[in-house]
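The values are calculated or read from the model by the stated rules, or taken from the named source; none is laboratory data. Quantities reported herein were computed from a predicted structural model and do not represent experimental measurements. As a convention, Cβ positions derive from the backbone with ideal geometry for all residues, glycine included, and neighbour counts pool all protein chains shown. For the accessible areas, the whole protein counts, side chains as well, though only heavy atoms, and no ligand, DNA or RNA atoms are used. Shrake-Rupley method; radii C 1.70, N 1.55, O 1.52, S 1.80 Å.
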Amino acid sequence: MDSSRLRVVLSSVLIFAASTSGQLEELCANNDPSKECLLREAYYPQGLWNHFAGFYCYNYTNDARLHYKYNYTSQRVMCNNKVAGVPAAIIDDTTTAVYDYKNLTALTYIMRSFKSEALFNNFLTCCREAENCCSEHMDNINIMTNDTHCPAVWDAWSCFPPTPVDTTARIPCSSQAYQSPDHVCRLESEKLCSRNHLNQPQWNPQTDYSVCAIAPVYRRRYEYHVAFLGVCIAFCLPAIAIFFVFERLRKTVRVILHRNLLMAICMRNVFTMISKELVLLDALKSSALSSHTMDNNGIGCRILAFLETSSINCIYGCMLLDGFYLHKVIVRAFAKEVDMMYVYIALVALTFSSSVCWAIAMAAHEAENCWMVDINSLQWILDGFRIAVLVINTTLLVDILRVMFMKLKNGSTTKQTKAALRATLFLIPLFGLHIVVTAKKYVFDDSCLAEDLYDYFRYSMEPMQGIMVALLFCYSNTEVQNEISNFYRKVRIWLNQKFRWNLGGEAVHYRRRTTANTIVH
């Protein structure tokens with residue numbers, strides 16, 4: 001919106017593009033007739049304040065939040081027994097609507113132009129903050145410029161207090177400055193108070209809201225998450241290959257369960273990386289550069305959300321089955337061996353039971369945003385299943401520790417028992433108990449630094465599960481190391497015999513042993 005055009009329209013209160021018939025409405029009867037408030041560079045009576053503040057809140061609203069934006073005209077009203085003009089939205093050829101947020105009839109029309117109720121409520125918040133700025137933070141003294149301070153002012157989005165000259169005022173960014181109406185963390189807008197050519201204190205006409213851009217904050221977090229997920233995949237894939245290559249490992253139930261968990265973690269990481277890159281990071285781009293994948297809410301991105309959700313559930317299912325089997329090995333050592341067919345049936349049921357219910361509920365509510373933003377409070381369908389798995393795994397872990405300490409107390413301890421106890425204490429990443437730490441957001445304040453610390457910690461803990469499982473149950477496992485050592489020894493012997501190499505410092509003799517049948521030339 002051209003600010004010079006706005007000033008022309010609003011300052012020309014005696015020129016009206018539209019008029020009303022009959023007696024004019026008195027708007028200022030319940031206000032102090034002498035009080036004025038400063039909006040940008042103009043003073044307005046308190047009785048008309050909401051009209052002009054609401055006008056600015058609406059016309060400086062990001063166009064991406066609106067289906068369309070009404071043009072405006074001027075409408076005559078009475079204020080302190082004087083005829084005045086206030087801005088009004090042109091609804092159609094015969095209807096106008098003022099911008100006062102307390103006028104319910106006008107609000108009905110204004111609401112229609114917003115894309116959602118949440119975005120409209122964001123506009124209302126701006127109007128309420130403007131009214132509070134005028135009534136609580138301005139008087140006829142602090143709105144006037146003096147030799148040392150710039151006056152209190154509403155800049156159309158934010159209320160800046162009187163500020164010493166040659167100082168930059170910083171206040172929390174208005175929600176109007178964000179692309180999304182959701183609060184993320186506290187960023188601060190900046191407005192400079194300096195001296196003009198007459199050496200008088202004067203606000204910089206433009207407030208710096210560029211520092212309020214939340215997209216770079218999100219982008220840094222998402223890019224860090226994607227990079228760490230890639231590191232996790234790099235750790236997990238060799239471990240999965242090792243579990244597949246060696247026949248002895250490939251047929252061991254315990255190893256199969258570990259392998260399935262690592263595969264589920266890799267699948268989740270891949271789907272999460274795709275959704276971050278193609279949907280979430282794309283949504284942070286400018287309108288000209290974005291593919292608008294999230295806004296279009298296509299079937300492809302909804303399927304991606306379902307696959308990502310199912311892969312996360314698969315991790316929980318694998319953790320439960322792995323925990324159940326480890327409990328059997330340690331606590332019920334003589335129980336019957338598990339049939340892998342039943343294991344895979346249980347894994348499929350655990351993976352898709354809650355995710356299918358969630359998808360049906362999302363479809364029934366006609367959820368938007370590629371099903372990646374929970375605005376219908378349906379996340380509990382998934383969280384209920386996952387919390388249940390954590391409760392069961394916690395119970396299994398406690399019981400394992402109980403049995404291990406009982407063996408220590410009774411003196412029936414061996415090196416294997418003590419080693420098993422140490423290994424059990426490292427089962428936390430396998431059992432998924434680390435998720436409890438990051439299940440709820442804990443921050444010491446609403447600053448972006450506090451939010452960053454939490455999110456970077458959460459994004460680090462998530463991939464660490466796969467890294468720790470690969471390290472504990474593959475790379476540092478004696479059984480796996482022996483298999484690799486034996487494989488390397490066989491390969492070395494074969495190369496020595498095939499190409500007459502001397503690998504490993506071993507002398508290799510290729511001359512045939514002399515026998516009675518040896519032909520002597």
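Of all residues in region 401-410, how many are touching a helix residue (DSSP H, G or I) at 6+ places or on another chain (Cβ under 6 Å) and open to solvent by 40 Å² or more (accessible area, probe 1.4 Å)? Quick ask: steps written out before the conclusion?
At the first step, the residues of region 401-410 found to be touching a helix residue (DSSP H, G or I) at 6+ places or on another chain (Cβ under 6 Å) are 403-404, 407.
So of that shortlist, the ones also open to solvent by 40 Å² or more (accessible area, probe 1.4 Å) come out as 407.
Qualifying residue count for the region: 1.
Inspect region 68-89 for any residue being in contact (Cβ under 8 Å) with a residue 60 or more places away in the chain, closer than 23 Å to T207 by Cβ and surrounded by fewer than 19 Cβ atoms within 10 Å (Cβ to Cβ) and give the result as yes or no.
Scanning region 68-89, I find no residue that is in contact (Cβ under 8 Å) with a residue 60 or more places away in the chain, closer than 23 Å to T207 by Cβ and surrounded by fewer than 19 Cβ atoms within 10 Å (Cβ to Cβ), so the answer is no.
Take M273 and decide whether it is assigned to a helix (DSSP H, G or I) and closer than 30 Å to C185 by Cβ.
Working: assigned to a helix (DSSP H, G or I): yes; closer than 30 Å to C185 by Cβ: yes.
Considered against the rule, which asks whether it is assigned to a helix (DSSP H, G or I) and closer than 30 Å to C185 by Cβ, M273 comes out as yes.
When you go through (1) under 30 Å from N62 (Cβ atoms); (2) surrounded by fewer than 21 Cβ atoms within 10 Å (Cβ to Cβ); (3) in contact (Cβ under 8 Å) with a residue 60 or more places away in the chain one by one for R254, which number turns out not to apply?
If we test R254 against (1) under 30 Å from N62 (Cβ atoms); (2) surrounded by fewer than 21 Cβ atoms within 10 Å (Cβ to Cβ); (3) in contact (Cβ under 8 Å) with a residue 60 or more places away in the chain, just (1) comes out false.
Among the residues of region 375-409, which ones are among the basic types (K, R) and either closer than 13 Å to I428 by Cα or in contact with a strand residue (DSSP E or B) (Cβ under 7 Å, 6 or more places away or on another chain) (or both)?
Of region 375-409, the ones among the basic types (K, R) are 386, 402, 407, 409.
None; the set is empty.
Within region 284-300, does at least one residue satisfy the condition of being in a helix (DSSP H, G or I), modelled with pLDDT under 95, farther than 24 Å from Y178 by Cα and open to solvent by 60 Å² or more (accessible area, probe 1.4 Å)?
yes
Of the residues F352, F405, which is at pLDDT 90 or above, aromatic (F, W, Y) and assigned to a helix (DSSP H, G or I)? Lay out the reasoning, then the answer.
Values: F405 fails: at pLDDT 90 or above.
From the options F352, F405, the qualifying one is F352.
Of the residues that make up region 153-169, is at least one crowded, with 17+ Cβ neighbours inside 10 Å, of a type outside the set (A, V, I, L, M, F, W, C) and over 30 Å from A215 (Cβ atoms)? Lay out the reasoning, then the answer.
Kept after step one, since they are crowded, with 17+ Cβ neighbours inside 10 Å, are these residues of region 153-169: 153-160, 162-163, 165, 169.
Pick out the ones that are also of a type outside the set (A, V, I, L, M, F, W, C) and you get 155, 158, 162-163.
After this cut, where a residue has to be over 30 Å from A215 (Cβ atoms) as well, the list is 162.
Checking region 153-169: at least one residue is crowded, with 17+ Cβ neighbours inside 10 Å, of a type outside the set (A, V, I, L, M, F, W, C) and over 30 Å from A215 (Cβ atoms).
Scanning for something open to solvent by 30 Å² or more (accessible area, probe 1.4 Å) and of a type in the set (F, W, Y), does region 325-333 turn up at least one residue?
Initially, region 325-333 is screened for residues open to solvent by 30 Å² or more (accessible area, probe 1.4 Å), giving 329-333.
From the residues that got through so far, the ones that are of a type in the set (F, W, Y) too are none.
Within region 325-333, not a single residue is open to solvent by 30 Å² or more (accessible area, probe 1.4 Å) and of a type in the set (F, W, Y).
How many residues, within region 54-105, are more than 30 Å from A288 (Cα to Cα) and outside any loop (DSSP other than H, G, I, E, B)?
19
Would it be correct to say that V398 is β-branched (V, I, T), open to solvent by 80 Å² or more (accessible area, probe 1.4 Å) and more than 21 Å from T351 (Cα to Cα)?
Working: β-branched (V, I, T): yes; open to solvent by 80 Å² or more (accessible area, probe 1.4 Å): yes; more than 21 Å from T351 (Cα to Cα): yes.
In short, yes.
Taking the residues in region 129-152 that are open to solvent by 10 Å² or more (accessible area, probe 1.4 Å) and of a type in the set (V, I, T) as candidates, determine which candidate is farthest from Q202 (Cα to Cα).
Among those that are open to solvent by 10 Å² or more (accessible area, probe 1.4 Å) and of a type in the set (V, I, T), it is I141.
Return the pairs, sorted by first residue and then second, in which the second residue is of a type in the set (V, I, T) and part of a loop (DSSP other than H, G, I, E, B), the first residue lies in region 104-117 and is within 12 Å of A89 (Cα to Cα), the beta carbons are less than 6 Å apart, and the residues are 6+ apart or on different chains.
Taking only residues 6 or more apart or on different chains, the pairs are Y109/I91.
Out of everything in region 187-242 that is within 30 Å of P151 (Cβ to Cβ) and assigned to a helix (DSSP H, G or I), what residue ends up being least open to solvent (accessible area, probe 1.4 Å)?
The qualifying residue least open to solvent (accessible area, probe 1.4 Å) is C212.
State whether one or more residues within region 322-345 are part of a helix (DSSP H, G or I), closer than 22 Å to L397 by Cα and under 18 Å from the mean Cα position of the chain (by Cα). Spell out how you get there, then give the answer.
The initial filter retains those residues of region 322-345 that are part of a helix (DSSP H, G or I), namely 322-331, 340-345.
Filter again for closer than 22 Å to L397 by Cα, leaving 322-331, 343.
Okay, now just the ones that are also under 18 Å from the mean Cα position of the chain (by Cα), so none.
Taking every residue of region 322-345 in turn, none turns out to be part of a helix (DSSP H, G or I), closer than 22 Å to L397 by Cα and under 18 Å from the mean Cα position of the chain (by Cα).
Please go through region 440-475 and pick out each residue that is open to solvent by 60 Å² or more (accessible area, probe 1.4 Å), within 17 Å of the chain's Cα centre (by Cα) and at pLDDT 85 or above.
L453, Y456, F457, R458
Please verify whether region 164-177 includes one or more residues that are within 23 Å of Y43 (Cα to Cα) and of a type in the set (G, A, S).
yes
Out of all the residues in region 115-129, is one or more in contact with a strand residue (DSSP E or B) (Cβ under 7 Å, 6 or more places away or on another chain), part of a loop (DSSP other than H, G, I, E, B) and modelled with pLDDT under 95?
The answer is yes; a qualifying residue exists.
Residues being touching a residue at least 24 places away in the same chain (Cβ under 8 Å) and open to solvent by 60 Å² or more (accessible area, probe 1.4 Å): count how many of those fall in region 483-502. Steps first, please.
First, the residues of region 483-502 that are touching a residue at least 24 places away in the same chain (Cβ under 8 Å): 483-484, 487.
Restricting the remaining residues to those that are open to solvent by 60 Å² or more (accessible area, probe 1.4 Å) gives 484, 487.
Residues flagged as touching a residue at least 24 places away in the same chain (Cβ under 8 Å) and open to solvent by 60 Å² or more (accessible area, probe 1.4 Å) within region 483-502 amount to 2.
Pairs, please: C-beta under 7 Å, at least 6 apart or cross-chain, first residue within 17 Å of N196 (Cα to Cα) and in region 132-153, second of a type in the set (S, T, Y)?
Correct list of pairs: H149/T163; C150/T163; P151/T145.
State which residue is farthest from K35 (Cα to Cα) when the search covers only region 50-68 and only residues that are aliphatic (A, V, I, L, M) and at pLDDT 90 or above.
So the first thing to find is which residues in region 50-68 are aliphatic (A, V, I, L, M), and the list is 53, 64, 66.
Retained after the next criterion (residues that are at pLDDT 90 or above): 53, 66.
Numbers: A53: 16, L66: 34 Å.
Per the criteria, the residue is L66.
Based on this model, can you work out whether I90 counts as at pLDDT 90 or above, β-branched (V, I, T) and under 36 Å from the mean Cα position of the chain (by Cα)?
Values: at pLDDT 90 or above: yes; β-branched (V, I, T): yes; under 36 Å from the mean Cα position of the chain (by Cα): no.
In short, no.
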